[in-house]
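Visitor: Can you keep this structure in mind? I'll have questions shortly.
The values are calculated or read from the model by the stated rules, or taken from the named source; none is laboratory data. Keep in mind it's a predicted model, so treat the numbers as computed, not measured. All Cβ positions, glycine included, derive from the backbone under ideal geometry; neighbour counts span all protein chains shown.
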């Protein structure tokens, strides 16, 4: 699975969850883009912390890395999922998906989410 298609699938499942299980159909695109952005940002911050340890960053650099990084990635994700690849198109692509294949993809998503959280949380042990 290509990386961009993987992120599309993560976004689709988050948006699907918000629309169908939480009844937030009107904000599903924003929720999907926002949560996907947090996952992507955690990966970017992990790479940043490998290059320059967290303890060496000033408070302004930490704030800049998080806020500006979040706004940029959120803006790019929102543009992609509103203009380039809207939710409805993704839903059409994956509506009749095989349950076994869907289960494997969901396992990949769970592993990605856990890995994103764990890598950011234990970065100090690597540096």
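Visitor: For residue 50, work out the one condition from (1) exposed (fewer than 13 other Cβ atoms within 10 Å of the Cβ); (2) in contact (Cβ under 8 Å) with a residue 40 or more places away in the chain; (3) under 14 Å from the mean Cα position of the chain (by Cα) it doesn't fulfil.
Guide: (3)
Visitor: Kindly list the number of the only condition in (1) within 19 Å of the chain's Cα centre (by Cα); (2) part of a helix (DSSP H, G or I); (3) under 22 Å from residue 115 (Cα atoms); (4) modelled with pLDDT under 90 that fails for residue 1.
Guide: (2)
Visitor: Which residue is modelled with the highest pLDDT, if the candidates are limited to the range 28-53 and must be more than 18 Å from residue 71 (Cβ to Cβ) and in contact with a helix residue (DSSP H, G or I) (Cβ under 9 Å, 6 or more places away or on another chain)?
Guide: Top of the filtered list is 28.
Visitor: Test of understanding: among 67, 90, 57, 22, which residue is more than 15 Å from the chain's Cα centre (by Cα) and in contact (Cβ under 8 Å) with a residue 60 or more places away in the chain?
Guide: Just one listed residue meets the conditions, 90.
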